[in-house]
Amino acid sequence: MKVKETKLKGCYILEPSIFEDERGYFYESYNENKLAEIIGYKPNFVQDNESKSTYGVIRGLHMQSGEFAQAKLVRVLEGKVIDVAVDVRPGSETFGQHVAIELSAENKRQLFIPRGFLHGFSVLSETAIFFYKCDNFYNKESERGVLYNSSELNIDWGIPLGKEIISSKDIELPSFNEVSN
């Protein structure tokens, strides 16, 4: 497995070693001990989530706060997305900065997103199936979010203007400046 820490401390891109032959392929998609070695602690993933979306869908930017904050290990089972993590950890040197990584069924990359980050993704393929492990259970009262197109973040979602599909809940989220001040 190849591991690369992004410019955001604690946020890692994981690229598996893939073994292919005439039958197909095999790779290890998750190993608790290897991930613990990378991130410095053993994550206790307690919930798996999966979503299917069509081209142009942007989900995010979301997080949970307080005692229900979540670290996530995300990947794409079908299709292609741009996955985005935004550092909102108070006092972080990279507060307000983001990484945008292409994840696909083809490249089989994963992104580890620690607690204290907003997260979202946009679908670049006709459809995409997105899968993620969480180290804490969902709690509606702890849910927080920021508008996907906050000018302060300047995120390129890879979707042409007017082709975005945003939920009514996400379109009503506050801008980054409204929640960071």
**Request:** Consider all pairwise Cα distances in the range 107-175 and report the whole-number % of them above 14 Å.
**Result:** 71
**Prompt:** In terms of the Cα gyration tensor, with a ≥ b ≥ c the square roots of its eigenvalues, is the chain rounded because a/c is under 1.5, prolate because a/b exceeds b/c, or oblate?
**Reply:** oblate
**Prompt:** Exposure proxy check: Met1, Met63 ranked by fewest other beta carbons within 10 Å?
**Reply:** Met1, Met63
**Request:** Using only Cα atoms, locate the centre of the range 136-181 and the centre of the range 77-119, then give the distance between them in Å, rounded to an integer.
**Result:** 14
**Request:** Apply the Karplus parameterisation 6.51 cos²θ - 1.76 cosθ + 1.60, with θ equal to phi minus 60°, to every residue of the range 116-129 and state each ³J(HN,Hα) to the nearest whole Hz, in sequence, with x for glycine and proline.
**Result:** x, 10, 6, 9, x, 8, 10, 9, 9, 9, 3, 9, 8, 10
**Fill in**
Rounded to 0.05, the calculated FRET efficiency for the beta carbons of Asn31 and Ser180 at R₀ = 45 Å is 0.80
**Difference of contour (0.36 nm per residue) and Cα-Cα distance, Asp48 to Leu161** = 37.5 nm
**Complete:** With a Förster distance of 41 angstrom and the Cβ-Cβ distance between Glu106 and Glu172, calculated FRET efficiency to the nearest 0.05 equals 0.75
**Cα-based shape type of the range 20-71, given that a ≥ b ≥ c are square roots of the gyration tensor eigenvalues and the cut on a/c is 1.5** = oblate
**Message:** Check which residues have an amide H placed less than 5 Å from Leu61's amide H, if you skip close sequence neighbours.
**Reply:** Val146, Tyr148
**Prompt:** Rg and Dmax of the range 45-152 over Cα atoms: what are they, in angstrom?
**Reply:** 13.3, 39
**Request:** Name the residues whose placed amide hydrogens come within less than 5 Å of the amide hydrogen of Gln47, ignoring near sequence neighbours (fewer than 5 apart) on the same chain.
**Result:** Cys134, Asn136
**Prompt:** Is there a pair in Lys52/Lys169; Lys4/Lys52; Lys9/Lys34 whose C-alpha atoms are over 21 Å apart, and which pairs would that be?
**Reply:** Lys4/Lys52
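Rule-based calculations on the coordinates, nothing more; no lab input. Small disclaimer: the values here were computed from a predicted structure and weren't measured. All Cβ positions, glycine included, derive from the backbone under ideal geometry; neighbour counts span all protein chains shown.
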